[in-house]
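The values are calculated or read from the model by the stated rules, or taken from the named source; none is laboratory data. This one's a predicted model, so the numbers in the text were calculated from it and none came from an experiment. With ideal geometry, Cβ positions are generated from the backbone for all residues, glycine too; neighbour counts draw on all protein chains shown. Side chains included, ligands, DNA and RNA excluded: accessible areas come from the protein's heavy atoms. Shrake-Rupley method; radii C 1.70, N 1.55, O 1.52, S 1.80 Å.
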Amino acid sequence: MFRSLHMKLTLILLLLITSLMAVVGTFLTTSVSSFFIDSFYQQMDNVFGAGSDFYPTLCAGAEEGGAARLQELVEVRAGSLGVDYSTRNYYILDGGGTLLLGSDERSGLDATANLLAAENGRVGDESDITADFMDVAIPIPEGEPDYIVYILDSKETVSGLNTQLFMIIMQALVIGLLISLLLSFLLSKTMVGPIEKLTAGAEKVAAGDFESRLPVESTDEIGILTGTFNEMASVLQQTLAAVENERTKLDTLFLHMTDGVVAFDHTGRLIHRNPAAATMLGRTLGEDSRYNQLFGSLYPMEQILALHRPDYAEAQQVVGDRMLELYLAPFSSDQEKGGVLIVLHDVTEQHRNEERRKEFVANVSHELRTPLTNVRSYAETLRSAEGDIPQEMENSFLDIIISETDRMTHIVQDLLTLSRLDAGNTEMRFAPFSFRESVANVCRANAMEARRHSHTLTCTLAENMPEISGDRQRLEQVVTNILGNAIKYTPDGGHIAVTGGGSGRSVWVEVTDDGIGIPEKDRDRIFDRFYRVDKARSRESGGTGLGLSIAKEIVERHHGSLRLVPREGRGTTIRLVLPIDPNRAE
């Protein structure tokens, strides 16, 4: 009930008015009592004090006529003493405190402190604000008194006045309480109303409604607070939108990034993972997945949690045919609230490329070492013979040296061509030309070599093969490499067929032979550099193992494809497909 601001304001105002009236009442009551007491004793001092001749008169009267004379003298000064014979009276007592005469018919008096002091020969004029009477006792004469003049006031006047004051204060209190209730309603309208609107606005903001704005109805502190609240809601909306945007970006990045990411809490329970991580690990990652099951053999979790940023741990893990690099690090310095974040990077291709690079270097070294060894051997033989070798044998040795030199030249030229293609430094001169005519020229150029091996070479090209845009010299080199390989690696007396045509936006050429074919295990690697199915026969025929690699690079620069066509039985078929317009293909 008292939690509302309106009730608190009302209660505060009621307590304020009540407290104020209580303080005022107490102050007035005390002040009135103090005033009457001070007035009483001041009045007594004026009559009986040292500056007055009344006290000597009383002493003389006591000696002359005793108590009766004292009564006459006091009666004369009754007005000065304020004796009204109702609330204030005088009494004549003997030295022992026995009442002799008085202004009323009282038969006896209580032994007050002032009366006891007078009985002991001292003036009793001590005041007591808490007492329900005021009194003064004057001993006559001094020394061993024979009489005591005693003035007693019952304070009925003060009590009556205090009662009237109390009634006035109670009336004022009731009026003040009514006014406070009215003021509390006014305050609630001017103060609590805007605060309630602010509360409603805050509840809307808490619920996610940032569009509504509160009207600023004043220029005071409440108005300033309302304007600040509106500005805060606007800034909060912008901030949350920016945070949500960044979160969306991070979620998208986390979902589609190629690296795998998994996170575990400090108990080893999986809390986050992305699809790439499940793919790399080759298993389904669910809530029941645990750190120790997946990576406990690499590093204990306690060891990772003990690391301090930016420290992290590295490890490698083989999963199936994948080679994974793992980076493990804690994502919070608080081990009780943190956990372990693991990034998985698939380095399978890098390992394969490294192996290919090593194999490539070894192949280059081997391919160059063999002709160099032959050249050195025959040259040393010619030098050591010093003319003893017959001219025919010497010419044969020189022919071998020249042949091996040409072979090394071809290897170096092919390597330079591949290097330029890899670096993008080989400029392709694209221009429209008749691809059918180029293929026919290549067939005619290789016809003599085919007849030398007793091959049957046929070239069947569609009449409607459209022109294409490309580098004619490079594409003729591709067809020459493919056809040359068919002639070289087909046993003598074989059949080689070149067919071609066009469809839609591309042209195609197939070179088919009936040779020994390519084993299944070698089909995926025939376009690798220096890779040859029959290395001994390749060297006999002068092959370098780079022809198909160069052909594939040239075809890809034209946005075409070069592939081995699956077929039943012996022989090999290689299919070349080129777009008519490489720009549109791209």
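Points to keep in mind about this one:
- With kT/(6 pi eta Rh) evaluated at 10 °C and eta = 1.306 mPa s, and Rh the Kirkwood radius from Cα pairs, the stretch 172-313 diffuses with a coefficient of 76 µm²/s according to Stokes-Einstein.
- Debye log10 I(q)/I(0) at q = 0.28 Å⁻¹ for the stretch 281-322, Cα point scatterers: -1.09
- P(r) tail, the stretch 102-249: Cα-Cα pairs separated by more than 20 Å, 72% of all pairs.
- Cross-link reach list, aspartates and glutamates versus residue 552, counting only Cα pairs under 12 Å and skipping chain neighbours closer than eight places: 422, 528
- Scanning residues 5 or more positions from residue 515 or on other chains, those with amide H under 5 Å from its amide H are 571, 572, with H placed 1.01 Å from N in the peptide plane.
- Residue ranking by accessible heavy-atom surface, 1.4 Å probe, largest first, among 280, 448, 408 comes out as 448, 408, 280.
- Rounded accessible area of residue 147 (nearest 10 Å², 1.4 Å probe): 50 Å²
- 0 to 90° range, to nearest 10: angle between helix 156-187 axis and the chain longest Cα axis: 20 degrees
- Whole-Hz Karplus values for the stretch 467-476 come out as 5, 10, 10, x, 8, 4, 5, 5, 5, 5 Hz, taken residue by residue from phi with 6.51 cos²θ - 1.76 cosθ + 1.60 and θ = phi - 60°; glycine and proline positions read x.
- Under 5 Å, built H, 5+ apart or other chain: amide partners of residue 102: 92
- The angle separating the long axis of helix 54-76 from the principal Cα axis of greatest extent in the chain is about 70 degrees.
- Near the amide H of residue 470, within less than 5 Å, lie the amide hydrogens of 431, 433, all on another chain or at least 5 residues away, with H placed in the peptide plane.
- P(r) tail fraction, the chain - alpha-carbon pairs more than 47 Å apart, %: 63 percent
- For residue 443, the solvent-accessible surface with a 1.4 Å probe is about 10 Å², rounded to the nearest 10.
- Centroid-to-centroid separation of the stretch 443-490 and the stretch 196-243 [C-alpha atoms, Å]: 79 Å
- Cross-link pairs exceeding 32 Å in C-alpha to C-alpha distance, out of 197/337; 488/521; 358/521, comprise 197/337.
- Separation of the stretch 30-87 and the stretch 102-150, taken as the distance between their Cα centroids, equals 12 angstrom.
- Nearest-ten-degree value, helix 547-557 long axis tilted from longest Cα axis of the chain: 50 degrees
- Derived scalar couplings ³J(HN,Hα) [the stretch 206-223; Karplus, 6.51 cos²θ - 1.76 cosθ + 1.60; whole Hz; x for Gly, Pro]: 4, 7, x, 8, 9, 7, 5, 10, 8, x, 8, 9, 8, 10, 7, 4, 5, x
- Helical runs (DSSP H, four residues minimum) scored at -39500 (n - 2.57) apiece and divided by the length of the chain put the mean residue ellipticity at 222 nm at -17500 deg cm²/dmol.
- Applying a 4.7 Å cutoff between beta carbons, the unpaired cysteines of the chain are 59.
- Under 13 Å from the Cα of residue 204 - aspartates and glutamates, other chains or at least 8 residues apart: 196
- J(HN,Hα) series, the stretch 295-308, from Karplus relation 6.51 cos²θ - 1.76 cosθ + 1.60, nearest Hz, glycine and proline x: 10, x, 6, 7, 9, x, 4, 4, 5, 6, 5, 7, 6, 10
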